[in-house]
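The values are calculated or read from the model by the stated rules, or taken from the named source; none is laboratory data. Remember, it's a predicted structure, so these values are computed and weren't measured experimentally. Please note: Cβ atoms are built from the backbone with ideal geometry, for glycine as well, and neighbour counts cover all protein chains shown.
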C-alpha cells in the first residue's frame, strides 16, 4: 500500500517538474501602456457596510475614457471628474 502511494508521488512530482521545465521556455514580453482615465462614479463603503468583518473603509471607483472602462478599489478618496493614470499590461508572445 505504501509503495503504491510512493509511486504515485514520484510520478506526480516528475510530471509537475517536466511541465514547469517546458513552461519556462515560452518566450514573450510584457507591453505596458499608460492611459489616463477619468473617475465616472464613486461608491463609498464604510466600516461594516459589506460585512461585520470589514474594518477598513474603501472607495469603489468606476473609471472611463473613450475606449476603456475599469472598476477598481481604492483606500484613498477620489471625486467624480478626477483623472487617474492606469497602466495596462499585456503579455505578447514571440510565437515560440
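Return a yes/no flag: does the stretch 61-74 have any residue that is at pLDDT below 90, under 28 Å from residue 92 (Cβ atoms) and part of a helix (DSSP H, G or I).
No, that holds for no residue.
Taking the conditions exactly as written (surrounded by 11 or more Cβ atoms within 10 Å (Cβ to Cβ) and over 21 Å from the mean Cα position of the chain (by Cα)), does residue 94 satisfy them or not? Step through it out loud before you land on a result.
Numbers: surrounded by 11 or more Cβ atoms within 10 Å (Cβ to Cβ): no; over 21 Å from the mean Cα position of the chain (by Cα): yes.
Answer is no for this residue.
Which of the residues belonging to the stretch 68-80 are farther than 10 Å from residue 37 by Cβ and without any contact (Cβ under 8 Å) to a residue 40 or more places away in the chain?
Listed by number, the residues that qualify are 71, 73, 74, 75, 76, 77, 78.
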